[in-house]
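What follows is a short report on a single structure.
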Amino acid sequence: MCVVRNSQADPTHAFCRIVWLLGVPCDQVNMAIVTQIKAMGSYKLGPVTPTGIQANHTSAVGQIESVNFTMTATSMSLGCHVDGSSVSAFWFSLFDNGTNYCNLRNIMQGSGLTKAPGFVEFTNEWLCLGVGLSACK
């Protein structure tokens, strides 16, 4: 279950939204993300389609975040535009010190996609609370 509405996070929950551009086809991106989520013990994979992936992450302290990836092919399907979001389920986690950013970044980095041709990441503090404080492991 995702608490993101119309691509905007509920303002009472900690959230992160990131846009990535990659120079590889979306089917390869999709496969790499799904494989990485399955390999990470703190994630539970939800519905997967050719253009979307849903999962839940449970932190060591039991906090739950909804993690979603949406993929759109770029020119002539040679590249992929990925919209990622992570939203905390609980209202009291508004300032999560970058947990939601790390949920997304760890998947992308673990999958090897951060080294893909043309990889670019777009986010900021307005789209991703705590990104400046994050220390992803």
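Values for this structure:
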read-out	value
Tally of residues being in a helix (DSSP H, G or I) and under 26 Å from Thr74 (Cα atoms) across the range 101-137	13
The range 95-137, residues that are among the hydroxyl-bearing types (Ser, Thr, Tyr) and either free of Cβ contacts under 8 Å to residues at least 60 places away in the same chain or in contact with a strand residue (DSSP E or B) (Cβ under 6 Å, 6 or more places away or on another chain) (or both)	Tyr101, Thr114, Thr123, Ser134
Candidate set: the range 14-48, residues that are more than 19 Å from Tyr101 (Cα to Cα) and among the β-branched types (Val, Ile, Thr); chosen: the one surrounded by the fewest Cβ atoms within 10 Å (Cβ to Cβ)	Thr35
Failed criterion for Ser88 (all others in (1) touching a helix residue (DSSP H, G or I) at 6+ places or on another chain (Cβ under 6 Å); (2) of a type in the set (Gly, Ala, Ser); (3) buried (at least 22 other Cβ atoms within 10 Å of the Cβ) hold)	(1)
Meets criteria (without any contact (Cβ under 8 Å) to a residue 12 or more places away in the chain and part of a strand (DSSP E or B)) for Leu45	yes
Matching entry among Ser85, Ser59, Ser75, Ser42 (being of a type in the set (Gly, Ala, Ser), at pLDDT below 95 and closer than 19 Å to His13 by Cα)	Ser59
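The values are calculated or read from the model by the stated rules, or taken from the named source; none is laboratory data. Remember, it's a predicted structure, so these values are computed and weren't measured experimentally. All Cβ positions, glycine included, derive from the backbone under ideal geometry; neighbour counts span all protein chains shown.
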